[in-house]
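The structure appears below as structure tokens.
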Amino acid sequence: MRIAVVFGLAISAASLTGAAHADVRMSGTFVADASCPATQAIKNGKNPGNVSTDAGQSYQLLAGNKDAPTHYLILVPGADPDRRWVKVSCGHLSGSSAATLPATPGGQGKPAASGKPEYVFALSWQPAFCETKSSKSECKAQNPNEFDASNFTLHGLWPQPNGNFYCQVPAGDKANDSPAHWKDLPPVNLDADTRTELDKVMPGTASQLERHEWIKHGTCYGKNQQEYFSDALSLMREVNGSAVRDLFAKNIGGKLTADQIRGAFDRAFGAGAGDRVRVSCVIDPSSGRRLIGELTLGLAGPIGPNSSLKDLLLASVPTNKAGCPTGTVDAIGFQ
């Protein structure tokens, strides 16, 4: 996974500013839900530069202060030092994992209190992702005539709860699950039509993103590789055939608010669907623009070839945290 996003980051405890021996390495993204102090140390609250998180902004996640953390260590671009601690109550995690988490046997998601399996469905806006990852193969190959110039792309379909990762995955494959070693993970075997569609809808296959998604999340889905990616692609077709995609396509280069995005989900998938959507933004390192990088959707219920995205959305638990309040819909190519 990426979100707008860096996954599989490996760091040593000694490299973390202000880190203690008990720190637990983590990977993924911290999304701030509020403006909170980002301190150099937890105990004394030292905060050089009086740095705070930006509501709705995504930050690279480095560690937690213990197994059940009260604080996360994040990377704050432009801060000095740039590794800062924030309280866990300041935001939420996307695609995160702790280095010490064991693999757990998986079914198709894990039942919620309602008895229905739950998922997070992550959609990327590829031009924004590429502003932060210009060296990626898929970003070097951007083309204004390609699918990812004006459609959502697939990041992942993640069985919940958070931490339901690497189900019955060999230790060697887990060790290779970092972007530099995704090429060393086992190939994903799909039929020709599914492979063709996946390469279009998930440009990150150029960097073997699908191998990572399968190893970390798909192994906990309870189905085979073909079914896992077919189900995700079916949901993607619904999103990209909806008023949500139209809203983004009509506003490329302009700004959208989280309320506008959630309203488009209500129109496309029924009243209340937007309450299951969070918006994440990234900062363009070259211009400082706040870009809409990803949408994460809460889903509940069995997923299959004939599943309705509307039903899956409305069956899930609403979130009152819309995430990034406003951001730019980036155009393809480096701005």
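Computed quantities for the displayed model
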item	result
Expected 222 nm ellipticity per residue - DSSP helices of 4 or more, -39500 (n - 2.57), all of the chain, to 500	-6000 deg cm²/dmol
Too-long pairs where the Cα-Cα distance tops 31 Å, listed order kept, from K87/K223; K133/K250; K223/K255; K116/K250; K140/K310	K87/K223; K223/K255; K116/K250; K140/K310
Lysines with Cα under 18 Å of K174, excluding same-chain neighbours fewer than 8 positions away	K183, K216
Inter-centroid distance (Cα atoms) of region 154-189 relative to region 264-335, Å	23
Dipole of the chain, positive direction: furthest Cα of A268, P161, M202, with charges on the beta-carbon	P161
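No lab work stands behind these numbers, since they all come straight from the coordinates. In this text, all values refer to a predicted model and were calculated from it rather than measured experimentally. Here Cβ is always computed from backbone atoms with ideal geometry, including for glycine, and neighbour counts include all displayed protein chains.
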